[in-house]
Amino acid sequence: MQPLPISATAARRLVLHLQAMTDPPRRKLTAPSLVDLITRLGFVQVDSVSRVERAHHMILFSRNQTYRPQQLRRPLERDAALFENWTHDASIIPTGFYAHWQLRFHRERDRLAQRYRVWQGEAYKAEIDGVMARLEAEGPLMSRDFTDSKKRGSAGWWNWHPGKAALEFLWRTGEVAVARREGFQKVYDLTHRVIPDQHRTADPDPATTIDWLCRAALQRLGFGSPGEIAGFWGHLSAEDAKAWCTSRLAAGDLVPVKVGAVDGSADRQLYALPDVEDRLGEVLPAPDRLRVINPFDPILRDRKRLNRLFGFDYRIEIFVPAAKRRYGYYIFPLLEGERLTGRVDLRADRDRDALFLERLWWEPKVRTSQARVRRLEAELDRLRRFTGLGRVVFSDEL
């Protein structure tokens, strides 16, 4: 079968469409439609940095400007429509997907048990048993509830105290779940008290889960290589995904596509689901508005793919020494329609009740027009209201 050619422009539009960036930004967002949005994305990453607002809240706000952080509490903490666990990183995930996390739990149990055994010998088992017993007897607990029992562990336990290390082991292996967060601290409980039975007790065989993970990844990516498919959820190896692609292509469940690039690199032959032409035909244009994008937004996650399709070279410089940073500690890209046109250094100062724009960089060949500046000002004012701040303070570089 000859690969279906997809231009970089068409590919970029499809990605934005699949990532809900072409949806009406002011549509009413209810608890069910919020769960639908996260289901469409697959998950939203949770990160501890809050330069403006937490990553998961900004990811949702960038797709619907009516979203407010308190809306997430009901589906996540009361309705159990969402749960928190691991993809490529800590994430909020639809509970309807939970059964397909069993494969990850099984694999993590073997991998982490070996690591913990190397660090602590067989003593780690007693610590885990003790944590489980306390959760059973006392109900939801936080890491700090275990800090007074033993001294902090060695660096091999990530410099955590043993109770924290045990909680993370149990969370990563599905024995406990995050019931809620207080501040940004996880509150853990036994899984059967958090995840509804119909999701918790389902345990598909590995082949079923691998098939689901690969299909679900392609539904959200639009097209991809085995490595990109495997990396979407962070559950599978590239070998798992490659074997799946080979078998499904032979069965007619996949089609080859040839995707163009704007960064000067060669077209890439990738895989897509058979309905990719129909999906390309359904793509809506992205709104012209300018949006501030969180560094952990899914459209930015794969840096090579981002550069090929958007011509945007991006790196999070949190862990780069200050003297070697090109832009700054935590820089937000600017999405304007279908283009990434700039970057801003923003911070929310709660004490001064202001959103500060520290610096602004437009991309090469992007003209600084009054209309573009007005779009940026409008977005910063939306962010100000989203974060509950009283004013925006602009630098002189606008």
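The values are calculated or read from the model by the stated rules, or taken from the named source; none is laboratory data. Only a predicted model underlies this, so the values are computations on that prediction, with no experimental measurement involved. All Cβ positions, glycine included, derive from the backbone under ideal geometry; neighbour counts span all protein chains shown. Each accessible area value is taken on the protein alone, full model and side chains, heavy atoms only, with ligands, DNA and RNA left out. Shrake-Rupley method; radii C 1.70, N 1.55, O 1.52, S 1.80 Å.
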In terms of the alpha carbon gyration tensor, root eigenvalues a ≥ b ≥ c, rounded if a/c is under 1.5 and otherwise prolate when a/b exceeds b/c or oblate, the stretch 112-262 is prolate
For the stretch 210-352, shape from the Cα gyration tensor axes a ≥ b ≥ c, cut at a/c of 1.5 then a/b versus b/c, turns out prolate
Carbon and sulfur atoms account, in whole percent of the 1.4 Å probe accessible area of the chain, for 48 percent
Length gained if His88 through Val320 is fully extended, taking 0.36 nm per residue and subtracting the Cα-Cα distance, is 81.4 nm
Taking a probe of 1.4 Å and leaving out DNA, RNA and ligands, the chain shows per residue an accessible area in Å² of 45 Å²
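A 28 angstrom limit on the alpha carbon distance is what I want to check against. Which of Lys125/Lys186; Lys258/Lys304; Lys304/Lys365; Lys242/Lys365 exceed it? Present the calculation step by step, with values, prior to reporting the outcome.
Values: Lys125/Lys186 22 Å; Lys258/Lys304 16 Å; Lys304/Lys365 21 Å; Lys242/Lys365 39 Å.
Too far apart for the 28 Å limit: Lys242/Lys365.
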Note: Asp313 to Asp349 extended length (0.36 nm per residue) minus current alpha-carbon separation gives 10.1 nm
Whole-Hz Karplus couplings 3J(HN,Hα) for the stretch 323-339, θ = phi - 60° and coefficients 6.51, -1.76, 1.60, Gly and Pro as x, run 5, 9, 6, 7, 10, x, 4, 8, 10, 9, x, 10, 9, 10, x, 9, 10
Simple SL model, points at 7 angstrom along Cα→Cβ for Asp288 and Ser247; separation in nm is 5.0 nm
Once amide hydrogens are built 1.01 Å from N within the peptide plane, the residues lying 5 or more places from Arg359 or on another chain with amide H under 5 Å from its amide H are Asp345
Expressed in angstrom and ordered largest first, the alpha-carbon extents of the stretch 1-145 along the principal axes are 56, 45, 31
Computed about the Cα centre, the charge dipole of the chain from +1 Lys/Arg and -1 Asp/Glu charges at the Cβ has a magnitude in debye, to the nearest 20, of 1080 debye
Under the Karplus relation with 6.51, -1.76 and 1.60 and θ = phi - 60°, whole-Hz ³J(HN,Hα) for the stretch 73-82, x at Gly and Pro, equal 5, 5, x, 8, 9, 10, 8, 6, 7, 10
Per the C-alpha gyration tensor (a ≥ b ≥ c, the square roots of its eigenvalues), the stretch 93-138 is rounded if a/c is under 1.5, else prolate if a/b beats b/c, else oblate; here it's oblate
Rounded to one decimal in nm, the spacing of the 7 Å Cα→Cβ label points at Asp79 and Asp110 is 3.7 nm
